[in-house]
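S.K.: For reference, the structure I am asking about is given below.
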Amino acid sequence: MEITFILNRQKVRVDVPADITLLSLLRDYLHMTGTKVGCEVGECGACSVLLDGKLVDSCLVLAPQVEGREVITIEGVCAEDGSPSDLQKNFISAGAVQCGYCIPGMVMAGEALLRKTLKPTRSEIREALTGNLCRCTGYQQIVDAIEMTAKQRSQTQSGRDKNV
Amino acid sequence: MMKEMDYIRPNSIEEAVQILSDPGRRGKLLAGGTDLLVQKRVDPPDYDCFVDISRLSEIQQIRVSDGVFYLGAGVTHAVIAQDPLILKYVSFLAQACLSVGSPQIRNTGTLGGNVANAAACADSLPALVCLDAVAHLRSKRGERQMLVTELVKGPHETALETDELITHFTFLQPPPGVKTHFIKIGRRNAQSISRLSIAAMGRKDKNGNVDFIRICPGAATPRTMRFTEVETYLMGKQACEELYVDAGQRMAARMVEITGVRWSTEYKEVALKAITERVLREVLG
Amino acid sequence: MSDLQYKYIGKPADRVDALEKVTGAAKYVGDYYLPDMLYARALRSELPHARIKHLDTRPALNVPGVIAVITSEDFIDHGRFGFPVKDHFALAFEKVRYVGQAIAAVAAETPEAALNGVKAIICELEPLPGVFDMDHALDPDAPQVGFEREDHKHPNFLDMSPVYKGDPDEVLKDCPVVLHEEYRTVHQEHSYLETEGALAIPTSDGGVTVYCNNQSPFITKGNLVAVLGLDPIKVRVIQPHVGGSFGGKDDLNYLTACQVAALALKAKRPVRMTFSREESMIASYKRDAMHMRITLGADKDGTLRACKAIHTLDSGAYSSQSPFTAWRASIHAMGAYRYDAVKVEVTSVYTNNGFSGAFRGFGNTEACFGIESAIDELAEKLGMDPIDFRLKNCLRVGDVTPHGQKLTESVGLVECLETVRKLSDWDRKRAEYARQTSQDTRCGIGVAVLFHGTSLGAEGVDCATNTIEILPDYSVACASGLTDYGQGPRTVYTLITAEELGISPERVRILLADTDTAIDSGPTVASRSTILAGNAMRVAAQTLARTLNFAAADMLKCEPQRVMRIGEAYVGPNEEPVSWEKVVDHARSMGLVLSAHGKWSAPEIHWDHHKGTGTPYFGYHFAAQVAEVQVDLRIGKTQVLNIWAAHDTGKVIFPQGALGQVYGGITQGLGYALMEEAIYADGYLQSVNFDTYLIPTSMDVPDMTARFVETNFSPGPYGAKNIAEPAMVPTAPAIVNAIYHATGKRIRVLPADLERVALGKSLHKRGSPVSCKVGLKVK
C-alpha cells in the first residue's frame, strides 16, 4: 500500500506491503540502515526512532501507522549545520561508544529525554534508557554523555533567556 | 499464495465495529501494537486485516465527572503515568503503568491493549480490578459492560468477541482519604515481566480501624481478582503490623487455595506475604 | 609513572570509529544490501541428538524464489571443522548433536522465500538418547555424543587439564581449618546486540569475498580455504564493524561464513545470512557451565596451605574452545594465592546442551566464582576479615605461583586490594552492616580478587605483525590482523602510531580488518590485542620513524640523533624547522621506503600438560573489586549499590577505552551474578530472545568507580597489560560475597536470583521445546 510520511524532515512516499514494520520499511525498502535490528520484540531498543517526537521501537510500529506522521531516525539527527549534534559529539568524548550497535538507539533515547527536560538527574537519565540494552559499556559513559549535553544545553538556554 | 494483509484506519468507533463485523474480512484491532506485532512474528496470523484504532480520539480521553472516572482504552501507559487526575486520585494506576516495559513501550502501548491481551502478568490489571473498573465494549450489536475482573477470564483469555472492541473503562473515584499503592516484583529493575504484583486501596478511620480496603494480587491467580475474603477480614480491624502480617498469610493461603501448588508456589507464597504487608503499610499506615 | 613523557599515550582521546557509529553511518554486515543479493537461511535441528536418516533438499528448489540449496555434501570432507578438535561440520553430517545445529542452507530472492525453502526440505531425523547432565556424561552407559576415541577413553570425554604442586591430601591432614564446598555456574549467553551474519560475494576468478562479523578473519579464511578447496589467494575475508562479540562470534560464524560462501559460489550471486535473535540464541555457543568441587586448608593464623579443585566443564555438543577454556580455568582455579600444595583437575565433557565456547574470561570467570566464594567462606571460618585474609595470602612480586612460575614484576594485587578497601570505606561498612537486624532489607559488602594470564598462554606461537605506510596525502595507514569488534584496539594502535611518529592522531588511519591487507597474527582473543599488536604497531612505527628521522637529518644537515621534534615539525641545531610533510617528501625523493612491518613475539613460555607445571603465561593482570549490595530479604531481590574496581592493567594507553572495558565487564559480571541463565531443558534452550533472557538494563547497574594500578610490565607496550576479560571476572563473586555479608546466606549456584536469595534454591518451570521450535522458524 502507499504510505506518505515525513522522514527526517523530508516528505517520503513509498509503496510497501501493509504488514511490514516501520523498521523493515526503513531498512529493507529505504536502505536507511542507521536504525538497527536487535530483537524485533521491543526489548533492546536498537531500532528506536522518534515518531511525532516520541521515542518508539520501530519494530513494533506497523509501517502504515506512520501515514502522515513525522519520523526522525539517527540519519536525521544532527546540528543545524549538518554536523554531528552536541549529543553525538558528547557520546564520542565521553567514551560512550564501543561496538556501536546500540548507539543509534541510545542517541534517539537521549534526544527524546532532552526534549522533555534539560535538568535530568542521573537516575532519570538511566530511566530514560531502560528500553535500550547495551552489552558493551555498562551504560555509565552513555549516562555521562547525556548528562553533559543536558548541562550544556541548559546553560545555552539560560544564556539565551538572559539575553532576552 | 497467501492473501496480502490489509490495513484500514477507521475514523470512528462506529466505523471500526462496522469493519470488525464485516463477514468478508477477518479484522484485527491494532492499537499500540506492542503485543500484537510480537505475536505476529511467532504465530501465523488468523486475521487478514489490521484495523488501526491508534488514532481514534474518541478512545483517548481521561476525565472525571460526577465522581466517575472515564478512561479511554486507547490511552497509552505513558499518558496515564503522568496524568494529573490519575496521579491525584488513583496513583497506583500510574505506578502500574510506569512499571510497564520501557519508555518506548509505554509511549505506544495502551491500557485497552494491556487488558485485551490479558497476559497473566499484565501490570495494569490489579489496579483496575481493585477499582472495580468496568470495561465498556462496543460491537455492531451494540454496547455492553463488564467488570474487568470478569472480562479477563484467564491468561490470554477474555470474554471479548472478535467483533468487539473496548472503548473505555469507568470506575468510581475513590472516597476521600483512600490511599492507593502498587508493588511489582520483577527479575530486574526495568523492562521486566511481573513475577508477582499487588495493588491495594485503603483507609482507616479516626480510631485507626480499617474502614476501606481492597486488595488484588497480580500474576498470582489465573484470573486477576480481589481477595475479598481477606478484605472482609481486615475491615474494622485496628491497622497495625500484626494485622498486616496476618493479612499476608491469609493472602498467600488464599492464593494457594485457588491455584494449588505449582512450580512457583513456594516462592510466591513468601513473596506475596511480603508485598501484602508492604502494600498495607502504604495504604493504611 | 610520569605521564609527561608521553604526548598521546594515556591521554584523553576519541575512539577512532565513534563518529561513524554515533551518526549511524557505520556499516555492519546486515546493513549491506547489494544488487542481486540473495538471502540465506539454515534448516536447523529441532532435536538435541539424532541421526539424519533422510535428507532431500530438492523440494526446496521448487519453492518460488529459491536459487540454491546446500548440505554437507557441498563441502570437502563434509566441511569437517574445528580447532583444537575437529568434531564439527560446516553443515551436519550423519548426526545432529544439539538443537539449532544447521543441517542445510537455502539461498533465495527474499528472506521469506528462503524460509519457505527451508520448510520444504525433507529431513527425517531419528531421535537418539541425549546426555543432559555433565555429571553423568562419563557414565559407562551414557549415550555417546562424541566420536569413538583412539585411546579408548569415554567418547564423551574431551580433555582434562591439571595443575599439580605437592600432595594437598597430605597437607590437608595437617590443616586445622578445612573447607570443602561445591559451586556451580550456568551457561551464559553473550547477548551481543548484533546477531551473527556473513555476506559472500563470488569473484570473477572463481573465488569469494566474505564479509563476516567474526573476531578472527584469518581463521574464517583458513576454514573457507579448507572446506571449499579454494586457492587461498582467491579467498578474502573482510571484517566490517562488528556489533559486539565477547568471545561469541567465532566458531558458529566460521560455519556461517562457509555456508554463505558455498551458496554464493553455487548461485553465482552475493548471498547474505543474518540471524534473527531467536536463531542467534538457539544456535550460538554459550559460556560453559561448570561444576566445581573445592577443598581448601589453612593454618589457624590464616595461612593458606592447600587447594584441591576438581571441576567438570559442560562443553555441550562440540569441543569448540572448551579444551582451552578448561586449561585456562585450571591455571586460575586456585586463585591468586600461595599454597604449599595444589591439585587442580578440570575435565571437559560432551553433552547435548547446545555447545559451549569462548566467552569473556574464558574459564576464569567460572573458576573465579568458585575459588573466590570458597576463599570468602574460609575467611569466615577463620574469623578473619575477607580483605585481610586475601592480603595475607595473595601473590606478590618474588612469589612462586603454584604452577612453579616465579613472579618477577608487575604484581599489583596488594595495591589493588588496598585501593578498593579505601575507596569503598570497607572497614567501616563491614562493621556497620554486621550489626544490622532488619528482617526486611539489609546491606552487605563483599570483595573478590583475580589474576588473569595475558594472551594465549603456553599453547602455541604467540606473535603479531602490524604494517604501516605513509600515503600520498601524508596520512598514515596501518593494518593489523588483530581486530576491533568493539573493544577499541584500533584506537590503541592509533595512539601508539601517533606517539612514535610524533604526529597528530588525526593523521593515522587503521584499516578495517581485511585478510588482503593485514598480516595473520593469530586469533583476536584472550585480551591480547593491546600487548601483542600494540607492540607490533610500536615496532612498525619506530622503524618508520627512524627512516623519517634519517631524512630529516639530511634536510637539517645534522646527525640523526640531534634531530628534535616540536609538534609535528622536525628541528635541528642549525636550520629552520621543517614540517612533517616536507620530511616525508624529502624521504621519498631520497628513495627511502615509507612503509614498514613490525613484528612482536611474546616471551617463550612452556607448560607441561601432564605434570601440570610450568610457566602458563608470560604475565598476569591482577585486580580487586568490592561490591556493595542491598538485599530485600523477603522477596530475594538484590540491588547492587556500588562497585569499586582496581585493576593492575600496567600502563593505560587509552583511558576512556580502558574505563569502558571495566564498566562493561562489571555489568556482564553483574548479569552473571544476578539474572543470567541460559537454561537447557532436555537440550532445549528455554530463553530465546531478550524478553526472557535478561541482561542488565541501565537501572540495574550503579555508577561504578574504577581505578588503575599501573605497575610496569616490561614486555607490554609502554608497560601495558590486558584489560577486556579481567574486568568481568571478579564481579560475580564480589556480589555474591556481599549478599552473604548482608543475609548470612551463601549462594553457591549462580545466578543469585529471587528464589535462590529468598528460598536458598532455584525454582524452574518444567522445560518445553516450544520456544526453540517456534524460534527456529520465526519470520
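S.K.: Between a residue in the range C:237-249 that is facing another protein chain (nearest Cβ under 7 Å) and any residue that is aliphatic (A, V, I, L, M) and part of a loop (DSSP other than H, G, I, E, B), which pairs come within a Cβ distance under 8 Å, given they are 6 or more apart or on different chains?
M.R.: Note: pairs meeting the criteria are C:H241/C:A26; C:H241/C:L512; C:G243/C:L193; C:G244/C:L193.
S.K.: For the range B:239-285, how many residues are surrounded by fewer than 17 Cβ atoms within 10 Å (Cβ to Cβ), away from chain C (no Cβ under 11 Å) and not in a helix (DSSP H, G or I)?
M.R.: Matching residues across the range B:239-285 total 4.
S.K.: Among (1) free of Cβ contacts under 8 Å to residues at least 40 places away in the same chain; (2) not in a loop (DSSP other than H, G, I, E, B), there is one condition A:V49 misses while meeting the rest; what is its number?
M.R.: That leaves (1) as the condition not met.
S.K.: Something else about it: Of all the strands (runs of 3 or more DSSP E) wholly in the range B:160-205, which have at least 2 residues that are within 14 Å of another protein chain (Cβ to nearest Cβ)?
M.R.: Working: elements: B:165-172, B:179-185, B:196-204.
Output list reads B:179-185, B:196-204.
S.K.: State yes or no: is C:L61 away from chain A (no Cβ under 14 Å) and in contact with a helix residue (DSSP H, G or I) (Cβ under 7 Å, 6 or more places away or on another chain)? Explain how you work it out, then say what you get.
M.R.: Details: away from chain A (no Cβ under 14 Å): yes; in contact with a helix residue (DSSP H, G or I) (Cβ under 7 Å, 6 or more places away or on another chain): no.
No.
S.K.: Looking at (1) acidic (D, E); (2) surrounded by 14 or more Cβ atoms within 10 Å (Cβ to Cβ); (3) part of a loop (DSSP other than H, G, I, E, B); (4) more than 14 Å from chain A (Cβ to nearest Cβ), which is the only condition C:E181 fails?
M.R.: (3)
S.K.: Looking at the range A:44-59, which of the residues that are within 12 Å of chain C (Cβ to nearest Cβ) and either among the small types (G, A, S) or closer than 23 Å to C:V688 by Cα (or both) is nearest to the chain's Cα centre (by Cα)? I'd like the intermediate steps shown before the answer.
M.R.: As a first pass, look at the range A:44-59 and keep what is within 12 Å of chain C (Cβ to nearest Cβ): A:44-49, A:57, A:59.
In the following step, the residues that additionally are either among the small types (G, A, S) or closer than 23 Å to C:V688 by Cα (or both) were identified as A:44-48, A:57, A:59.
Details: A:C44: 13, A:G45: 10, A:A46: 9, A:C47: 9, A:S48: 6, A:D57: 10, A:C59: 14 Å.
Per the stated criteria, the residue is A:S48.
S.K.: Something else: Any idea which of A:A79, A:A63 is surrounded by 24 or more Cβ atoms within 10 Å (Cβ to Cβ), more than 8 Å from every other protein chain (Cβ to nearest Cβ), on the phi < 0 side of the Ramachandran plot and over 11 Å from the mean Cα position of the chain (by Cα)?
M.R.: The unique qualifying residue is A:A63.
S.K.: Continuing with the same structure: How many of the residues making up the range C:466-493 are polar (S, T, N, Q), surrounded by 24 or more Cβ atoms within 10 Å (Cβ to Cβ) and not in a helix (DSSP H, G or I)? Explain how you work it out, then say what you get.
M.R.: From the range C:466-493, those polar (S, T, N, Q) are C:466-467, C:475, C:480, C:483, C:487, C:491; that's our starting set.
Adding the requirement that they be surrounded by 24 or more Cβ atoms within 10 Å (Cβ to Cβ) leaves C:466, C:480, C:483, C:487, C:491.
Subsequent filtering for residues that are not in a helix (DSSP H, G or I) retains C:466, C:480, C:483, C:487.
Number satisfying all stated conditions: 4.
S.K.: So B:K88 passes all but one of these: (1) within 11 Å of another protein chain (Cβ to nearest Cβ); (2) free of Cβ contacts under 8 Å to residues at least 24 places away in the same chain; (3) under 30 Å from B:V283 (Cα atoms). Which condition number does it fail?
M.R.: Here B:K88 meets the rest and fails (1).
S.K.: Take the range A:93-124 and flag every residue that is of a type in the set (V, I, T) and either over 18 Å from A:D57 (Cα atoms) or in contact (Cβ under 8 Å) with a residue 60 or more places away in the chain (or both). Show your work before the answer.
M.R.: We begin by selecting, within the range A:93-124, every residue of a type in the set (V, I, T); these are A:97, A:103, A:107, A:117, A:121.
Selection gives A:V97, A:T117, A:T121.
S.K.: Of all residues in the range C:703-721, which are within 13 Å of another protein chain (Cβ to nearest Cβ) and surrounded by fewer than 21 Cβ atoms within 10 Å (Cβ to Cβ)? Walk me through it before giving the result.
M.R.: As a first pass, look at the range C:703-721 and keep what is within 13 Å of another protein chain (Cβ to nearest Cβ): C:703-706.
Scanning the range C:703-721 gives C:D703, C:T705.
S.K.: Among residues belonging to the range C:638-660 that are surrounded by fewer than 24 Cβ atoms within 10 Å (Cβ to Cβ) and more than 21 Å from A:V97 (Cα to Cα), point out the one that is nearest to the other protein chains (Cβ to nearest Cβ).
M.R.: Among those that are surrounded by fewer than 24 Cβ atoms within 10 Å (Cβ to Cβ) and more than 21 Å from A:V97 (Cα to Cα), it is C:Q639.
S.K.: Next question, about the same structure. Name the strands (runs of 3 or more DSSP E) wholly inside the range C:1-118 in which the number of residues that are more than 32 Å from the chain's Cα centre (by Cα) and either exposed (fewer than 15 other Cβ atoms within 10 Å of the Cβ) or not β-branched (V, I, T) (or both) is 3 or more.
M.R.: Qualifying strands (runs of 3 or more DSSP E): C:50-56.
S.K.: Keeping to the range C:227-250, report how many residues are polar (S, T, N, Q) and either closer than 14 Å to C:A513 by Cα or in contact with an Asp or Glu (Cβ under 8 Å, 6 or more places away or on another chain) (or both). Break it down stepwise before answering.
M.R.: First, pick out the residues of the range C:227-250 that are polar (S, T, N, Q): C:239, C:245.
With the extra rule that they be either closer than 14 Å to C:A513 by Cα or in contact with an Asp or Glu (Cβ under 8 Å, 6 or more places away or on another chain) (or both), the set shrinks to C:239.
Matching residues across the range C:227-250 total 1.
S.K.: Moving on. Within the range B:51-61, does at least one residue satisfy the condition of being within 14 Å of another protein chain (Cβ to nearest Cβ) and part of a strand (DSSP E or B)?
M.R.: There is at least one residue in the range B:51-61 that is within 14 Å of another protein chain (Cβ to nearest Cβ) and part of a strand (DSSP E or B).
S.K.: Here's something else I'd like to know. Given (1) out of contact with any helix residue (DSSP H, G or I) (no Cβ under 6 Å at 6 or more places or on another chain); (2) more than 22 Å from C:G243 (Cβ to Cβ), identify the lone condition not met by A:K54.
M.R.: It fails just one condition, (1).
S.K.: Out of the range A:115-141, which residues are among the hydrophobic types (A, V, I, L, M, F, W, C), away from chain B (no Cβ under 14 Å) and crowded, with 23+ Cβ neighbours inside 10 Å? Steps first, please.
M.R.: Applying the first criterion (among the hydrophobic types (A, V, I, L, M, F, W, C)) to the range A:115-141 yields A:118, A:125, A:128-129, A:133-134, A:136.
Adding the requirement that they be away from chain B (no Cβ under 14 Å) leaves A:118, A:136.
If the condition is that a residue be among the hydrophobic types (A, V, I, L, M, F, W, C), away from chain B (no Cβ under 14 Å) and crowded, with 23+ Cβ neighbours inside 10 Å, then A:C136 is the only one that fits.
S.K.: Return a yes/no flag: does the range A:145-157 have any residue that is under 30 Å from C:N214 (Cα atoms), away from chain B (no Cβ under 14 Å) and at pLDDT 95 or above. Don't jump to the end; show me each part of the working.
M.R.: Residues of the range A:145-157 that are under 30 Å from C:N214 (Cα atoms), as a first pass: A:145.
Now restrict to residues that are away from chain B (no Cβ under 14 Å): A:145.
Adding the requirement that they be at pLDDT 95 or above leaves A:145.
Yes, some residue in the range A:145-157 is under 30 Å from C:N214 (Cα atoms), away from chain B (no Cβ under 14 Å) and at pLDDT 95 or above.
S.K.: Is it fair to say B:R254 is of a type in the set (K, R), under 28 Å from B:V115 (Cβ atoms) and without any contact (Cβ under 8 Å) to a residue 40 or more places away in the chain? Write out each step before concluding.
M.R.: Working: of a type in the set (K, R): yes; under 28 Å from B:V115 (Cβ atoms): yes; without any contact (Cβ under 8 Å) to a residue 40 or more places away in the chain: yes.
It is true that B:R254 is of a type in the set (K, R), under 28 Å from B:V115 (Cβ atoms) and without any contact (Cβ under 8 Å) to a residue 40 or more places away in the chain.
S.K.: Hey, can you tell me all the residues within the range C:318-338 that are surrounded by fewer than 24 Cβ atoms within 10 Å (Cβ to Cβ) and either assigned to a helix (DSSP H, G or I) or among the aliphatic types (A, V, I, L, M) (or both)? I'd like the intermediate steps shown before the answer.
M.R.: To start, the set of residues in the range C:318-338 that are surrounded by fewer than 24 Cβ atoms within 10 Å (Cβ to Cβ) comprises C:323, C:337-338.
Passing the criteria: only C:P323.
S.K.: Wholly within the range C:592-660, which strands (runs of 3 or more DSSP E) include no fewer than the required count, namely at least 2 residues that are over 20 Å from the mean Cα position of the chain (by Cα) and closer than 30 Å to C:A477 by Cβ? If you could, list the steps in order and put the result at the bottom.
M.R.: Numbers: elements: C:595-601, C:620-632, C:637-648.
In the range C:592-660, the matching strands (runs of 3 or more DSSP E) lie at C:595-601.
S.K.: Continuing with the same structure: Confirm whether C:N689 is away from chain A (no Cβ under 14 Å), within 29 Å of C:V629 (Cα to Cα) and either crowded, with 23+ Cβ neighbours inside 10 Å or aromatic (F, W, Y) (or both).
M.R.: Values: away from chain A (no Cβ under 14 Å): no; within 29 Å of C:V629 (Cα to Cα): yes; either crowded, with 23+ Cβ neighbours inside 10 Å or aromatic (F, W, Y) (or both): yes.
Criteria not met by C:N689.
S.K.: Any residue at all in the range A:33-43 that's more than 19 Å from A:N8 (Cβ to Cβ), surrounded by 24 or more Cβ atoms within 10 Å (Cβ to Cβ), more than 7 Å from chain C (Cβ to nearest Cβ) and touching a strand residue (DSSP E or B) at 6+ places or on another chain (Cβ under 7 Å)?
M.R.: The answer is yes, given that some residue of the range A:33-43 is more than 19 Å from A:N8 (Cβ to Cβ), surrounded by 24 or more Cβ atoms within 10 Å (Cβ to Cβ), more than 7 Å from chain C (Cβ to nearest Cβ) and touching a strand residue (DSSP E or B) at 6+ places or on another chain (Cβ under 7 Å).
S.K.: Tell me whether the range B:48-69 contains one or more residues that are closer than 18 Å to B:L172 by Cβ and either in contact with a His (Cβ under 9 Å, 6 or more places away or on another chain) or hydroxyl-bearing (S, T, Y) (or both).
M.R.: Among the residues of the range B:48-69, at least one is closer than 18 Å to B:L172 by Cβ and either in contact with a His (Cβ under 9 Å, 6 or more places away or on another chain) or hydroxyl-bearing (S, T, Y) (or both), which makes the answer yes.
S.K.: Farther than 30 Å from C:L641 by Cβ, out of contact with any Lys or Arg (no Cβ under 8 Å at 6 or more places or on another chain), β-branched (V, I, T) and assigned to a loop (DSSP other than H, G, I, E, B): does that describe B:T221? Before you say what the answer is, go through the steps one by one.
M.R.: On the way: farther than 30 Å from C:L641 by Cβ: yes; out of contact with any Lys or Arg (no Cβ under 8 Å at 6 or more places or on another chain): yes; β-branched (V, I, T): yes; assigned to a loop (DSSP other than H, G, I, E, B): yes.
Against the criterion (farther than 30 Å from C:L641 by Cβ, out of contact with any Lys or Arg (no Cβ under 8 Å at 6 or more places or on another chain), β-branched (V, I, T) and assigned to a loop (DSSP other than H, G, I, E, B)), B:T221 qualifies.
S.K.: Further question: Which one of these does B:Q104 not meet: (1) within 28 Å of B:P222 (Cβ to Cβ); (2) at pLDDT 95 or above; (3) buried (at least 24 other Cβ atoms within 10 Å of the Cβ)?
M.R.: Failing condition for B:Q104: (1).
S.K.: Mind listing just one residue for me: the one in the range B:76-101 that is part of a loop (DSSP other than H, G, I, E, B) and touching a strand residue (DSSP E or B) at 6+ places or on another chain (Cβ under 6 Å) and, of those, surrounded by the fewest Cβ atoms within 10 Å (Cβ to Cβ)?
M.R.: Result: B:D83.
The values are calculated or read from the model by the stated rules, or taken from the named source; none is laboratory data. What you are looking at is a predicted structure, and each value in this text was computed from that prediction instead of being measured. As a convention, Cβ positions derive from the backbone with ideal geometry for all residues, glycine included, and neighbour counts pool all protein chains shown.
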